[in-house]
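Rule-based calculations on the coordinates, nothing more; no lab input. Worth saying up front: this structure is predicted, and the values here are computed from it rather than measured. Heads up, the Cβs are rebuilt from the backbone with ideal geometry, glycines too, and the neighbour counts pull from every protein chain shown.
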Amino acid sequence: AIDPQFTENREQVDEHNGHAVWGPVDEPDELGIHGTHVAVDFDICLADGACLEDCPVDVFEWVETPGHPESEEKADPANEAQCIDCMLCVDVCPVDAIDVDAG
Ligand code: SF4
Ligand code: F3S
Ligand code: ZN
């Protein structure tokens, strides 16, 4: 599961689509965590898609990640500022790849 303390345990190494990327990143095998308020651990996401289907405000968009061992696309929190903290995505992800900081 995603580390809920990732902002303390990782360093921000990049930016993507207006949100932070938390390392380590070593493409294509290791992609890190995308987003801060809505954070997706790309190394855990296996492209189930439930978060994209269920988010009421369309926070997520697919991004292609060719060559990653878990899946060749990931749910990117492209619109994390729109999040209304409903926690649906956290509940539906089968591999607990998503952390939403509702505090
Ligand atoms: Fe969307 Fe709710 Fe998840 Fe926020 S907590 S990203 S609004 S499903
Ligand atoms: Fe990935 Fe979980 Fe969404 S596996 S696509 S973050 S439901
Ligand atoms: Zn991203």
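Some notes on this structure:
- Members of the range 34-53 found to be closer than 14 Å to Glu73 by Cα and aliphatic (A, V, I, L, M), listed by number: Val40, Ile44, Leu46, Ala47, Ala50, Leu52
- Residues (over 15 Å from Asp91 (Cβ atoms) and over 9 Å from the mean Cα position of the chain (by Cα)) located in the range 45-59: Leu46, Ala47, Val57, Asp58
- Some residue of the range 62-85 being within 13 Å of Ile2 (Cα to Cα) and either more than 12 Å from the chain's Cα centre (by Cα) or buried (at least 21 other Cβ atoms within 10 Å of the Cβ) (or both): no
Each row is one residue, and each column tells you yes or no for (1) on the phi > 0 side of the Ramachandran plot; (2) aromatic (Phe, Trp, Tyr); (3) in contact with a Phe, Trp or Tyr (Cβ under 6 Å, 6 or more places away or on another chain).
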| position | (1), (2), (3) |
| --- | --- |
| His37 | no, no, no |
| Phe42 | no, yes, no |
| Asp58 | yes, no, no |
| Trp62 | no, yes, no |
| His68 | no, no, no |
| Gln82 | no, no, no |
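- Looking only at residues of the range 86-103 that are more than 20 Å from Phe6 (Cα to Cα) and outside any loop (DSSP other than H, G, I, E, B), we find that the one that is farthest from ligand 1 (Cβ to nearest atom) is Val92.
- In the range 1-32, the residues that are in contact with a Pro (Cβ under 8 Å, 6 or more places away or on another chain), more than 16 Å from ligand 1 (Cβ to nearest atom) and under 18 Å from Ala78 (Cα atoms): Val13, Gly32
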